[in-house]
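Every number in this text was worked out from the coordinates using simple rules, so none of it is lab data. Since this is a predicted model, take the numbers as computed values, not measurements. In this analysis, Cβ positions are derived from the backbone assuming ideal geometry, glycine residues included, and neighbour counts consider all displayed protein chains.
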Amino acid sequence: MTEERLTKKSVVKAEQLGSINLLDDAYAILKKHNITYNNYQIKNMTVNQWRRLVQKKVNDTVNKEIIEESSQKSKLCDISGANAELKNYLKALTWENSRTVFEVRTNMLKLNSNYGQKDEQCYICGKQKTTRHIFECEGSTVKGLTLERHKQMIGKEGPQTDEMNSVSQSAEIVRKKMEERSKIKTIVNKYG
């Protein structure tokens, strides 16, 4: 391939990508991902070294952006600041228990107050019904949840490996409490 043809192909490709100067775009990407190596250092890297470096830097940038965004979201406020990697509890617990723990951690239990609707009063004790309240309510016939177990579930890095039995039990109790509350709500709505 002649040099003129290579130059033409480069210009055509740059236009297709919507870029006037590919080199400037490359430097902007390096800056965005905090890759501070000079041209000489980059040229002397092997393909695999370069690939690993770029992958690590992009992952770091994405993690940082996720943490910044999640700290401003109401559903993620309890877990913001955590590393955005897959948490151990998602691997160690059953699907159903993992889902319940995730719902607790992100305030996604099926409660009106968790979905921007009017605040709902607990049918058992009369206090405002929130995810935290599910762990506090003493009027329930289903026992075993405490604020300590709530804190254990919502920690920044999620439940730890040595706590999985306790967390699994807590998830099952949360589901039982939610079922109990659903039955009570049905009865109250039906009979007043």
The chain: relative contact order as a whole-number percent, Cα under 8 Å and 6+ apart: 17 percent
FRET efficiency, Asn59 to Leu86 (Cβ-Cβ, R0 22 Å, nearest 0.05): 0.95
Label-point separation, Glu68 to Lys190 (7 Å along Cα→Cβ), nm: 5.3 nm
Projected area averaged over orientations for the chain, convex hull of C-alpha atoms, nm²: 17.4 nm²
Among Ile66, Ile29, Ile154: highest mean-square fluctuation, GNM of the chain, C-alpha pairs under 10 Å: Ile29
Val47 versus Asn112: modelled label distance in nm, points set 7 Å from Cα along the beta carbon direction: 6.2 nm
Extension reserve of the Thr146-Gln121 stretch, reckoned as 0.36 nm per residue once the Cα distance is removed: 7.1 nm
C-alpha long axis of helix 164-191 to longest principal axis of the chain, angle in °: 60 degrees
Greater than 31 Å apart at Cα, pairs in Lys56/Lys91; Lys151/Lys190; Lys43/Lys156: Lys151/Lys190; Lys43/Lys156
Most positive-pole-ward Cα, Gly155, Gly144, Ile124, against dipole of region 88-191 from beta carbon charges: Ile124
Extended-chain gain in nm, criterion 0.36 nm per residue less alpha-carbon gap, Asn38 and Asp24: 3.6 nm
The chain - mean residue ellipticity at 222 nm from DSSP helices (-39,500 (n - 2.57) per run, n ≥ 4, rounded to 500): -18500 deg cm²/dmol
Unit Cα scatterers, Debye sum, region 88-191: log10 I(q)/I(0) for q = 0.10, 0.13, 0.17, 0.22 Å⁻¹: -0.27, -0.45, -0.75, -1.18
